[in-house]
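Report on one structure; see the data block that follows.
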Amino acid sequence: MTASENAGSGDRRAAGRPDGREHRIRSVVEVTYHQRGRPGDEVDFDAKILAISAAAELAGMHPQTLRQYDRLGLVEPARTPGGGRRYSARDVAQLREIQRLSQDEGVNLAGIKRIMDLEREVTVMRAELTSVIDELRRARSQLAELRAVTGPFRRASTDIVLWQGKRR
């Protein structure tokens, strides 16, 4: 089946159009966030504000599936004092990625967990690498400053040479 046939058969992703969930996720999170925060505040997509029913609807899953994914460690919702689960918009996006990997790519849940663990590891390593690169740039800059300060004296020898004349 070609992309144009997919587009005609209702496969919105094949046609390159959003399926409407991203817009709904953004809208629900913005409304919920602004109800709890101050108007004009920047929306925090890591804020755990969505109840399990809202997160499940936005992710296109049954709430029981979210509970199972929580037990397996695929998502980590926050807990209310009463024990209820709260999800963020980022969690919903992660749930949708889990669903995509499972349904479209045929990856089992253990494989998905491994993929997600490796992605987290890569993220941590990238942050560390960025830190090391920044430190290296600062060191190179300091070295350049030191070389500029030493000027023409950097080639002068300061070695002490012991000279002994001819022995008689």
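What to note about this one:
- Every condition in (1) in a loop (DSSP other than H, G, I, E, B); (2) modelled with pLDDT under 60; (3) β-branched (Val, Ile, Thr) is met by Val43 except one, and the failing one is (2).
- Here Val124, Val107 are screened, and the one residue that is under 16 Å from the mean Cα position of the chain (by Cα) and among the aliphatic types (A, V, I, L, M) is Val124.
- Residues satisfying the stated conditions in region 70-125, i.e. outside any helix (DSSP H, G or I), of a type outside the set (Asp, Glu) and exposed (fewer than 15 other Cβ atoms within 10 Å of the Cβ): Gly73, Ala78, Arg79, Thr80, Pro81, Gly82, Gly83, Gly84, Gly106, Asn108
- Count - residues of region 123-168 that are modelled with pLDDT of 95 or more and of a type outside the set (S, T, N, Q): 15
Residues are listed down the side, and each one gets a yes or a no for (1) farther than 15 Å from Leu50 by Cβ; (2) in contact with a helix residue (DSSP H, G or I) (Cβ under 8 Å, 6 or more places away or on another chain); (3) of a type in the set (S, T, N, Q):
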position	(1), (2), (3)
Leu66	no, yes, no
Tyr69	no, yes, no
Arg79	no, no, no
Arg90	no, no, no
Gly106	yes, no, no
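The values are calculated or read from the model by the stated rules, or taken from the named source; none is laboratory data. No experiment lies behind these values; they were computed from the predicted model shown. Cβ: placed from backbone, ideal geometry, glycine included. Neighbour counts: every protein chain shown.
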